[in-house]
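Engineer: Structure provided below as structure tokens; questions to follow.
The values are calculated or read from the model by the stated rules, or taken from the named source; none is laboratory data. Values in this document were obtained by computation on a predicted structure and should not be read as measured data. Neighbour counts run over all protein chains shown; Cβ positions are idealised from the backbone, glycine included.
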Amino acid sequence: MRVQYILVPVDFSPDAEQALDDAIALGQVFQARLSLLHVVSLPGFTEVNLSAYSQKLENSARQQMETYQQRVTHAGLPSETQVIHGDPYRSIVQAATDQPVDLIIMGTHGRTGIPHLLIGSVAERVVRLAPCPVLVTRCPKDQAPLQVGGVPS
């Protein structure tokens, strides 16, 4: 398998941080280019004007993406960042379709039970629909956020 271009969707969670670390490590093995993608997803209601809120989310995401890109650059790899608006799984699959992506590396929150049934899994949908292989990583249990009553604290 030849990997020259890795798409790394990030949501700034601990699992996404782990996915970025894994992508950097694998990118160094293959000397691959990393494309970091963050999808700003707003609630499904559109009657309320959320443009100011959306802009704040986008600005915050761009700042965090700069930090991530610096980590990739420090590792000696070429990269670019994208911050887009949309449905996360559809946007990730579309980005993998539009770009010459050889591999997607992404984290998962590992939701189970009712939250998984209600929200679904972005990673699960990407695995089913992506035009390329997908590597889904998780934060090691000893590094995961402390759970209080089933909710990360």
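Engineer: Could you run through region 88-123 and say how many residues are at pLDDT below 90 and either on the phi > 0 side of the Ramachandran plot or charged (D, E, K, R) (or both)?
Structural biologist: The number of residues fulfilling the criteria is 4.
Engineer: Here's something else I'd like to know. Cβ contacts < 9 Å: first residue closer than 17 Å to T81 by Cα, restricted to region 21-35; second residue acidic (D, E) and surrounded by fewer than 21 Cβ atoms within 10 Å (Cβ to Cβ), any location; separation 6+ or different chain. Result?
Structural biologist: From region 21-35, the pairs are A32/D102; R33/E80; L34/E80; S35/E80.
Engineer: Also: Kindly provide the set of residues from region 51-93 that are under 12 Å from the mean Cα position of the chain (by Cα) and of a type in the set (S, T, Y), ordered by number.
Structural biologist: The answer is Y68, T81, Y89, S91.
Engineer: Right, here's the next one. If I ask for residues that are outside any strand (DSSP E or B), surrounded by fewer than 16 Cβ atoms within 10 Å (Cβ to Cβ) and modelled with pLDDT of 95 or more, which ones from region 70-87 would you list?
Structural biologist: Listed by number, the residues that qualify are Q70, T73, H74, A75, G76, P78.
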